[in-house]
Each structure stands twice: as C-alpha cells, then as structure tokens.
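Peer 1: Take this structure, written in structure tokens, and hold onto it; I'll ask about it next.
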Amino acid sequence: RRVHGQFPSVKKIRQTFAFWDFLLSTCFYLIFILIGTIVAIQTTTGFGQDRYLFRQAVVNNLQWEGFKNLDDFWSWTHSSMIPSLWPTESPTNGYFFLGENRIIGAIRFRQVRVTKTNCKSQSPFNQLPRGKDDCSPAWSFPPAFESRNEYNGTLDLSSYKLENNGKKWRSASENGFTREWNYYASVSSETRYPGSGFVIDIPTGNVTEATEILQLIENSDWIDQYTRGLFVEATLFSPHINTLLSVFLFLELPVTGGVVQYGTYIPISTNKYDSSTSVVPLILEVTFLAMAALFLFIELRELFAVWRDKSEKKSFFRIFMTYLSGDWNSIDITNIAILIIWQVVRAFNTTQTLSLSSELENIDLEGEGRFKYFNTIDLASFTVLEWYWVAIVMTLYWLKLVKYLDLAPEVGPVVSALVNTMFNNNVLIFFIVLGLAVVAFALGYTVAFGQDSTNYHSISDSILNILLAATGEIDTSFYEVAPRYGPVLTFLVSLVLAQVLINVFIAVVSDVYNEVLKYATEDWELDLTERMIKAISRRTERKKWRRRIRYLGNDKRPDAVITINWSQEVLDKFENFDETKEE
C-alpha cells in the first residue's frame, strides 16, 4: 500500500514482517507459558500459604528434633507424639490433630534389622574388651545382613487387636509400597533403606491403649542393637483445604551408637477436579496441554519436512541428529519428553488419590479404620517427583523464550550473538576444563575432610562448596582439624578457580562475543529472508493465491499493474534465483 503517494521500501517491508512475526509468535508462546506457570503453581503451592501452614503446624507440634540417643526418642513419644496423635478431647465424628486435622487410620512403627555376626577376626585389636559378645554389622546397600527371621523376643501384643504386631518380617509390597528402595535416605552413611521390615500398627482414638502399647515396646527388646532404622509413619487430612499430609519420621541407629533423625512432611492436594472451584484450573490445564500438543505438531512437521527432502539420502537417525543440531530443537524435544513424563506421573497420582478416597469411603474410621494403616508414602514420593518434573519443564519453557526474542528487530542480532557465544566451542572447552578443576578439588576435599566436616562428606557436597568458595564464600569449618593444610587448599582454590580460570573465562567470552557479533546482523537478515520465503511457501502450498504486483521495470506508468498466479513453480524459481545469470 502507498503511504503519502510512496511505496514502502524493501527495508520497511522486511522490518514490518519481522515485527509482526515476532509479535504474533511471542504473544502466542507467552500465553502458553503463563498458563503453564499457573498450572505448575496450582500443582505445587496452590497460590497460597495454606498447605505450607498446615505442614508447619504439624512440624512445630511434633517437635521431631534434638535427639541424642534412644532414650530421647522414648521421651518424645510420651511428651509430643501421644498428645498430638492421640488427643484426649476429640470431636465425636473422628480423631483430630490440633482439633482441626483428621488423623487417618493407625500410626505405624516399622523397623529394619540386621543379623548377628561373629566378632572373631585375625586382627590384634580383637583382644580388646568389648561391651557385648555379639557383633551387629552396619547397614549396607544392597542389604547383605538384613534380618528376615521371625521376631522371638519379649514383646507380646497378642492381647490387643492389632493387624501387625511386629513379629513377622514383611516385604515392601506387603507394607503398601510399589518400589522396594529409595524411600528413605540415610543421613549419616549416604545409603538407602527399603520399605520392608517389622511392623506394628498402633490404633488411633484410644490414648490409654496407645500408651500401653508404646510402653510395652519401650520395655521390650523389639528395638535393640540389631535395629538400624526405625520409622514412624502417619497420615493426616485437613478438610478445610482438602489436603493430605504424609508424615514419615526416620530414626537411624548406626552401628557406632547414637541416633540420627530425619523427618519429611509432604502435603498432597486431593481436590484437583472434584469441586466447583476446580473448573478454572481444569480449563487452564486442558488449554495448556492443547497448546503443548500444537507445539509438538509443529516440531513433528519440521522433522517430517526434513525427512521428505530427497536432495540428500540419509538415514532417519542422521536426519534426526541434523534436526537436533538446529537452534533450540534439542530443548524442544527435551521439553516434550519431560512434559509427557510429568503427565504420566500426574495421572498416577490422580489414580492413587482416587483409589485412597474410595477406600476411605468404604471403611468406618471410628471402627475398624482405627486399626488399619493407610500408606500414603508412595503417593507422597510421586507427588514430590511431579514437583521436580514440573520445575524442570517450566524452567526450560521460560528459557526457550529467548528463542522468540531472537526474532525481534534490533534486539534479535544481539540475542543471537549471546546464544551463539554460550554454545561456542571455545566456551564449551573452557567449561570442560573448569569442571575438571572443580571435580579435582572436590575429590581432594572429600578424601581429606570427609570424615570431619559434613560439608565434604560426599562428592556432591564438596563440589557445591568448592563452587561457593570460587565465588568468595569460603568455608573454614575444617580449619580446626586441619590448621595447616586447610588454609593452603583454600588458597589454591581461590587462586586457580577465582583468580585464574574465572578471569580467563571472561577473556574467552569477550573475544568470542566480539567475533560472533560481527556476523550476527548479517546472519539475522539471512534468517529473516528464509522466514519470509517460508511464510509465502506455506500459503501457496494450501492454495494458489492471486496477487497483484506493481510493475517496476522500464515502464514509467505508475498505475501499470501485472496480475500473476503465485504458484509453487514460481516460488521455486525465486528460491533458485541465480543473480549471476542475465536471464
């Protein structure tokens, strides 16, 4: 269209196309990730502090902390656990924690044990006196010494109508777990404990009965030198916010004596789609998945477009690798894969929640339900897993917004230069060298101070603290045990990482960025040309569009017009245009 009698220049046309291409693409994608963010927050925190406050109320009331030995644990059962989980004043329609939150089913005590071993060895230290004749091995993964023999000790709970009285060993599946391992991580030895063990389910509702059972357990040898892990498991429900709270408290009893404690409290939302307030979140989630499916269709179309190209005969694997090497394609495929995993885990959680709800509807919680333990640890662990996948996929989706900033006029070349700098070979090689240096120092710190400082007890902890030291946050907790070598190693870390490698990194990035920036504008213009041709091609593939173009040849008449059919044949000629040939 003419503006003030003048036709727009080629530059103006290109700028207009670039602006609208950026605006439409970015707005659509921005709407997509905003809806995804709302869905993600609704999945985790729920746009409020209710679930957090519910969890903190339980944490503060149970006071699971500060144990030094097993006696402290038994004192805790009488001073905190019984008053909290067996309230003396409860409403007539159930048993409630803090008067508001329903206690679901029995409270489970579960332990894992090891077998006896022979202390005799060829070591001269074997002649030293011992406190006990038998030795009890440390816990190992996989468990080489786990005891599965029936308990024949002094504990006798036969006078109580308990579903499990701690006599027989039960497998993880019998205890309601779908997996054998990875439920509890040892705080002290970096190992794992299973879902199996010896179980006692203490019924709720009767504080006198619960006190008697706990007293019998304490006075017996059910927990002794062969116990390596003791677990207290419970399920609470807040009817006000329709949220379950899976409580599992872990007391580790190392072979060296003492105790190490660990507690996890995981809120689980139960009203995803079953109330009038869930309509809007449901619509948003369906919209998000529909838009994600559209982006998947676009990616598949690009992949099949490469596959249909017969100019080069390549295997599908090579074509796929060529596709991944394109800008942002690898992140697109990663996002799609993680999104699918997220939805699979979400479907599992929803199924488990509905199954638990159906089970609770068919049982009298004031009658037989008092004696039955409802295992929500599986559901809690998969809920946390869903949170992690949601966090990863939304982080990648927001990072992908940089791809659309690359389309913007003026801004695009700079963004393109920044991205190309990040993935330049020289920068990647530097990161490899930096990673090797960090790992080398982390190994040294773990070997030297792993037994004296919890900050370097594992390789992962050491790597984290080495990176913090490189940024100036120096840890001096191990100086007391290594007053000479500690400062020397700290100086080497500061010198090699903070002073040398970081400054080299700045120099490398600066040189690479300046080099890339020289060609960024030219590459961006070429990419714009390609996008314009593709935009026209997409139209002509659907229909032959009739367009009138103004004749700009030797004819000086301003109103002379030529009408042509924009067919694929014409476009092919434009795409294969060779300016060196006179024709």
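The values are calculated or read from the model by the stated rules, or taken from the named source; none is laboratory data. Just so it is clear, the model here is predicted, and its values are computed rather than measured. Cβ placement follows ideal geometry from the backbone for every residue including glycine, while neighbour counts extend to all protein chains displayed. Remember, those area values only see protein heavy atoms, side chains included, never the ligands or the DNA or RNA. Shrake-Rupley method; radii C 1.70, N 1.55, O 1.52, S 1.80 Å.
Peer 1: Kindly state, to the nearest 0.05, the FRET efficiency for Ala498 paired with Glu209, given R0 = 60 Å and r defined as their beta-carbon distance. Please report the intermediate quantities before stating the final value.
Peer 2: Numbers: r = 62 Å, r/R0 = 1.04.
The pair Ala498/Glu209 has a calculated efficiency of 0.45.
Peer 1: Would you pull out the residues with amide H under 5 Å of Cys135's amide H, same chain only if 5 or more places away, H placed 1.01 Å from N?
Peer 2: Residues meeting the criterion, in which the H sits 1.01 Å from N, are Thr117, Cys119.
Peer 1: Which whole-Hz couplings ³J(HN,Hα) result when phi for each residue of the range 33-38 is put into the Karplus expression 6.51 cos²θ - 1.76 cosθ + 1.60, θ = phi - 60°, listed in order with x for Gly and Pro?
Peer 2: Once rounded to whole Hz, the list reads 6, 5, 4, x, 5, 4.
Peer 1: How far apart, in nm, are the 7 Å Cα→Cβ label points at Leu464 and Asn362?
Peer 2: Distance between label points: 4.4 nm.
Peer 1: Residues of the range 355-420: accessible area per residue at 1.4 Å, in Å²?
Peer 2: Here the residues of the range 355-420 average 45 Å² of exposed surface.
Peer 1: May I ask you to list the residues of the range 152-172 whose amide nitrogen lies under 16 Å from a point 7 Å from Cα along the Cα→beta-carbon direction of Lys372?
Peer 2: Only 162-164 pass the distance filter.
Peer 1: Would you please state the base-10 log of I(q)/I(0) at q = 0.09, 0.10, 0.14 1/Å for the range 329-443, with intensities from the Debye formula using one equal scatterer on every alpha carbon?
Peer 2: With one equal scatterer per Cα and no solvent, log10 I(q)/I(0) is -0.51, -0.59, -0.83.
Peer 1: Over the range 390-508, what per residue volume does the convex hull of the Cα atoms give, in whole Å³?
Peer 2: Per-residue hull volume (Cα only) is 123 Å³.
Peer 1: Give me the number: length gained by fully extending Arg318 to Val279, i.e. 0.36 nm times residue separation minus the C-alpha to C-alpha distance, one decimal in nm.
Peer 2: Values: separation 39, 0.36 × 39 = 14.04 nm, distance 4.53 nm.
Net length gain for the segment: 9.5 nm.
Peer 1: Still on this structure: From the square roots a ≥ b ≥ c of the eigenvalues of the alpha-carbon gyration tensor of the range 388-444, which class results: rounded (a/c under 1.5), prolate (a/b over b/c), or oblate?
Peer 2: oblate
Peer 1: If amide hydrogens are placed 1.01 Å from N in the peptide plane, which non-local residues have theirs closer than 5 Å to the one on Ile107?
Peer 2: Amide H to amide H, under 5 Å and 5 or more residues apart or across chains, Ile107 pairs with Ile202, Thr204.
Peer 1: Please give the solvent-accessible surface of His240 in Å², to the nearest 10, using a probe radius of 1.4 Å with every protein chain present.
Peer 2: Only protein atoms counted, so the area is about 130 Å².
Peer 1: Another one. Can you put Val433, Val516 in order of accessible area, largest first, using a 1.4 Å probe? Present the calculation step by step, with values, prior to reporting the outcome.
Peer 2: Numbers: Val433 75, Val516 30 Å².
Accessible-area ranking of Val433, Val516, largest first: Val433, Val516.
Peer 1: From a point 7 Å beyond the Cα of Ser510 in the direction of its Cβ, which residues of the range 423-446 have a backbone N at a distance under 17 Å?
Peer 2: 427
Peer 1: Nearest 0.05, what FRET efficiency do Thr178 and Thr529 give at R0 = 45 Å with Cβ-Cβ as r?
Peer 2: E between Thr178 and Thr529, to the nearest 0.05, is 0.25.
Peer 1: Quick one: which of 401-409, 297-305 comes out on top by average Cβ neighbours within 10 Å, and what's the full order, highest first?
Peer 2: Going from most to least packed, we get 401-409, 297-305.
Peer 1: Can you give the FRET efficiency for Glu302 and Val260, using 1/(1 + (r/R0)^6), R0 = 51 Å, r = Cβ-Cβ distance, to the nearest 0.05?
Peer 2: Calculated transfer efficiency: 0.45.
Peer 1: Next up: Could the peptides 441-453, 335-347 be put in order, highest first, of the mean number of other beta-carbon atoms found within 10 Å of their residues?
Peer 2: Numbers: 441-453: 18.3, 335-347: 16.8.
Ranking the peptides 441-453, 335-347 by packing returns 441-453, 335-347.
Peer 1: If Lys116, Lys534, Lys372 are ordered by their accessible area, calculated over protein heavy atoms with a 1.4 Å probe, which sequence runs from highest to lowest?
Peer 2: Working: Lys116 135, Lys534 105, Lys372 55 Å².
I get Lys116, Lys534, Lys372, largest accessible area first.
Peer 1: Label Asn426 and Val10 with points 7 Å out from Cα along Cα→Cβ: what is the distance between them in nm?
Peer 2: Rounded to a tenth, the inter-label distance reads 3.3 nm.
Peer 1: When the Karplus curve 6.51 cos²θ - 1.76 cosθ + 1.60 is applied with θ = phi - 60°, which whole-Hz ³J(HN,Hα) does each residue of the range 442-459 get, with x for Gly and Pro?
Peer 2: Rounded to whole hertz, the list is 5, 4, x, 5, 5, 5, 7, 10, x, 8, 10, 10, 5, 6, 10, 6, 9, 4.
Peer 1: Same structure, new question: Go through the range 501-515 residue by residue and turn each phi into a ³J(HN,Hα) via Karplus (6.51, -1.76, 1.60, θ = phi - 60°); whole Hz please, and just put x for glycine and proline.
Peer 2: Couplings: 5, 5, 5, 5, 4, 4, 5, 5, 5, 4, 5, 5, 5, 4, 5 Hz.
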